[in-house]
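The values are calculated or read from the model by the stated rules, or taken from the named source; none is laboratory data. The shown structure was predicted, so the numbers you read here are calculated from the model rather than taken from an experiment. Note: ideal-geometry Cβ built from the backbone for every residue, glycine included; neighbour counts use all protein chains shown.
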Amino acid sequence: MTATLDRLSTERLSNGSLANVTLRDVIKTLPKECFEKNSRKAWQQVGLSIVMAILGYVAIALSPWFLLPFAWFFAGTALTGWFVVGHDCGHRSFAKRRWVNDLVGHIAFLPLIYPFHPWRLLHDHHHRHTNKQEVDNAWHPWYVEDFTAENAVMKAAYWLMRGRIWWLASVIHWAGIHFDLNNFAKRDKRKAKLSIVVVAIFAAIVFPTMIATLGVWGWVKFWLMPWLGYHFWMSTFTLVHHTAPDIQFRPSESWNEVEAQLAGTVHCDYPKWVEVLCHDISVHVPHHISTGIPSYNLRMAHKSLKDTWGERVRIREERFTWQFMRSIVDHCHLYHAEHAYVPFKAIRR
């Protein structure tokens, strides 16, 4: 593929360093097919997510109490597929027409009570500033001195979210920033308000109806528990995609875009049923090279990146195991300028 690059890009790729390589250079090495939108594949993903969610809710309705946790977890994983469809819409990689992306994105996010435009705008910020310390709005670690200076409540919350209770962190992220209009530029406030109003109307109609017909337990059983299952995957994917004991967040003055997106993003292999239901969102390295790659083309793009860049850059590939999660949640706690992270136990000593 390097033969397709222009002369300048070829020189940049041959100097043995990422310092002079731009993200555009990397993108040029990807096959053009990676960026092609296929409406059949896109709508097949929508159909799969709808069918799997229905199966999940049927399982919830029919399961005895001791099988409910499994039904909840399956339904939550299926709902994560709805999020990934909306995720493609937010990046404009689902359909060629913007209004289709916006419409499908809003609908896909409704059961999750996620306002589409606020998420889209804040998520774009994450992509522009991935692993940039104090700027990235997804999981950037606190400085040691900031943590020690915080009050007991904030310390406890951060300690829990960076440790064994990581799977609830996405709920805090959802509630904390997506409904605050102060987080958006003046030009974006109208769209943000629209999405917030849409989910508020949905919740105001659906939740009371569920409680009136199914009772509070019915609301918990059919909405809250699958929703928490969805947030387990949101928390896990977000944490795993950019966290490892040796992945360095960097301050703005030393941050390098290619290093952050290519070497600072983790590909993680999950059980096959999870990857199918979640539309390969775990194939995350090419997604950070270009958000224009539809989710059904991510594996093609990942193979290309490995073939072209694998000898020069360590493209992180992990497997989702409890041992791997422990390497993150037991160590990757507070920012260190040279060694990436300091665990909580180190500052207690």
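Summary table below
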read-out	value
Tally of residues being surrounded by fewer than 19 Cβ atoms within 10 Å (Cβ to Cβ) and within 25 Å of Thr291 (Cβ to Cβ) across the stretch 141-172	2
Per-region count, the stretch 40-68, residues surrounded by 12 or more Cβ atoms within 10 Å (Cβ to Cβ), free of Cβ contacts under 8 Å to residues at least 24 places away in the same chain and not hydrophobic (A, V, I, L, M, F, W, C)	2
Selection status of Lys37, in contact (Cβ under 8 Å) with a residue 12 or more places away in the chain, loosely packed, with under 12 Cβ neighbours inside 10 Å, over 17 Å from Glu275 (Cα atoms) and in contact with a Ser or Thr (Cβ under 9 Å, 6 or more places away or on another chain)	no
Residue list for the stretch 211-227, restricted to those being buried (at least 18 other Cβ atoms within 10 Å of the Cβ) and of a type in the set (A, V, I, L, M)	Met225
Yes/no for Ser254 being at pLDDT below 95 and polar (S, T, N, Q)	yes
Cβ pairs under 6 Å, 6+ apart, first in the stretch 270-294 and closer than 20 Å to Thr308 by Cα, second of a type in the set (S, T, N, Q) and outside any loop (DSSP other than H, G, I, E, B)	His288/Gln261; Ile289/Gln261
Selection within the stretch 311-349 - closer than 12 Å to His267 by Cβ and either without any contact (Cβ under 8 Å) to a residue 24 or more places away in the chain or out of contact with any Asp or Glu (no Cβ under 8 Å at 6 or more places or on another chain) (or both)	Arg314, Ile315, Arg316
Tally, over the stretch 107-129, of residues that are without any contact (Cβ under 8 Å) to a residue 40 or more places away in the chain, buried (at least 20 other Cβ atoms within 10 Å of the Cβ) and over 20 Å from His287 (Cβ atoms)	0
Hits in the stretch 84-106 (condition: touching a residue at least 12 places away in the same chain (Cβ under 8 Å), out of contact with any Cys (no Cβ under 8 Å at 6 or more places or on another chain) and not charged (D, E, K, R))	Val85, Gly86, His87, Cys89, Gly90, His91, Ser93, Phe94, His106
Those residues of the stretch 293-314 which are in a loop (DSSP other than H, G, I, E, B) and either surrounded by fewer than 18 Cβ atoms within 10 Å (Cβ to Cβ) or modelled with pLDDT of 95 or more (or both), in sequence order	Ile293, Pro294, Gly310, Glu311, Arg312, Arg314
Segments classed as helices (runs of 4 or more DSSP H), wholly inside the stretch 168-282, with at least 2 members that are more than 19 Å from the chain's Cα centre (by Cα)	189-219
Residue list for the stretch 281-336, restricted to those being of a type in the set (Lys, Arg) and either farther than 25 Å from Gln133 by Cα or in contact with a Lys or Arg (Cβ under 8 Å, 6 or more places away or on another chain) (or both)	Arg299, Lys303, Lys306, Arg319
Among the candidates Trp227, Trp174, Trp233, residue that is in contact (Cβ under 8 Å) with a residue 40 or more places away in the chain, within 17 Å of Leu122 (Cα to Cα) and not small (Gly, Ala, Ser)	Trp174
Per-region count, the stretch 130-161, residues more than 18 Å from Lys345 (Cβ to Cβ), in contact (Cβ under 8 Å) with a residue 60 or more places away in the chain and part of a loop (DSSP other than H, G, I, E, B)	9
Filter result for Val58 (in a helix (DSSP H, G or I), among the β-branched types (Val, Ile, Thr) and touching a Ser or Thr at 6+ places or on another chain (Cβ under 8 Å))	no
Count - residues of the stretch 329-349 that are touching a helix residue (DSSP H, G or I) at 6+ places or on another chain (Cβ under 8 Å) and under 13 Å from Trp159 (Cα atoms)	7
Some residue of the stretch 166-186 being hydroxyl-bearing (Ser, Thr, Tyr) and under 18 Å from Ala138 (Cα atoms)	yes
